[in-house]
1. Under 21 Å Cα to Cα from Lys87, which lysines show up? Leave out anything in the same chain fewer than 8 places away.
2. For the chain, what log10 I(q)/I(0) values come out of the Debye formula at q = 0.07, 0.12 1/Å, with one point per alpha carbon and no solvent?
3. If I take every Cα pair under 8 Å that is 6 or more residues apart in the chain, average their sequence separation and divide by the length, what percent do I get for the relative contact order?
4. With the calculation restricted to Cα positions, what are the radius of gyration and Dmax of the range 212-294 in angstrom?
5. How far apart, in nm, are two points set 7 Å out from the Cα along the Cα-to-Cβ line at Lys27 and at Thr191?
6. Tell me, in nm to one decimal, what length is gained between Val69 and Ala275 on full extension, where the rule is 0.36 nm per residue of separation less the Cα-Cα distance?
7. May I ask you to derive the FRET efficiency for Ala266 and Ala84 from their Cβ-Cβ distance with R0 = 35 Å, giving the value to the nearest 0.05?
8. When the dipole is taken about the Cα centre of the chain, and only Lys, Arg (+1) and Asp, Glu (-1) are charged at their Cβ, what size is it in debye, to the nearest 20?
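Just so you know, all these numbers are worked out from the coordinates, no wet-lab data involved. If you're wondering where the values come from, they're calculated on a predicted model, not measured in any experiment. For neighbour counting, all protein chains shown are included, and Cβ atoms are generated from backbone atoms with ideal geometry for every residue, glycine included.
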Amino acid sequence: MSDTSPRATKAVIPAAGFATRFLPVTKAVPKELLPIVDKPVLQYIVEEAAAAGADDITLVTAPGKDAMVDYFDARADLDNALRAKKKDAMLAKVKAPESIAEITAIRQGGAKGLGHAVGRAASHVGDEPFAVLLGDEFYPLDDRLLPRMIDLQAETGGIVLALIEVPEDQVSRYGVAAVQATDDPDVVEVTGLVEKPAVEDAPSNLILIGRYVLPGSIFPVLDATGPGSGGEIQLTDAMDTMRAKGTPVHAVVFRGRRHDTGEPVAYLQTLVELASERDDLPGFNAWLREFSATLD
Ligand code: G1P
């Protein structure tokens, strides 16, 4: 493989959905701002992109979700109140989101699918490679999933995905990949992609998780992609079109911890797991042990 592509420094976070699985709270609070104790999911995601070097971020939003943009902006009244009370440690935490990344917000203009949402970032991204991070999952920085994907994309110039194995009966909820092994046990070549197939049509039990590194050349393909699964414009379909026309598609098979926050039970698991690892929540783990013992 040769150096055919610059390293992606831009990222797109599609965050325009209604989050029906969390209604009614998501009527007023974007799903992406649900807290992991005191830090919103979206901050973890923005930190993950920035840590991978993709700190020029386009957030694709929708009406009613402006709080996501406000969160990364300065709040003078709050800063002044904390300063006056000499709450310096809290002030530092409050101001941290302002400098993680450069955030540009763009409205999706209708719930027309993930492919449509990503396509809305075309004018900001241009023809450079870029990362896509879905807003309902995040990954420990130590696992370096996104940096590995960005490195691989810079080598191949093509599309780089992340896959995990799931039980066969769950494949219909996801994009699914057909793959071939490579010399690297953690990397596969993708030979086919299908969005939300019936179990019997799925080419494997390797599903796409919400991390992608894509070449800018996907934008005209997204424009030309018609509605697919669920009547929506699917990113998976545009990627498979490019693959069929010769764009190399590789995937990192991820075996680390996935912090899923896309549905209530997974969100609760992520919340409790990360809370239990903190040393500034005295008494939580002791309570958790006692409480677990009361469950049958
Ligand atoms: C989207 C993608 C799908 C992927 C999934 C990961 O689906 O279209 O290919 O497997 O994210 O969470 P959605 O969850 O938006 O239906």
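1. The qualifying lysines are Lys39, Lys95.
2. So the normalised log intensities work out to -0.28, -0.81.
3. On the way: 559 pairs, mean separation 65.4, N = 296.
Relative contact order for the chain comes out at 22 percent.
4. For the range 212-294, the Cα radius of gyration and maximum Cα-Cα distance read 20.8, 58 Å.
5. 5.1
6. Working: separation 206, 0.36 × 206 = 74.16 nm, distance 2.53 nm.
That works out to 71.6 nm of additional length.
7. Numbers: r = 40 Å, r/R0 = 1.15.
That pair, Ala266 with Ala84, gives E of 0.30.
8. Working: 29 positive and 45 negative charges, 193 e Å.
About 920 debye.
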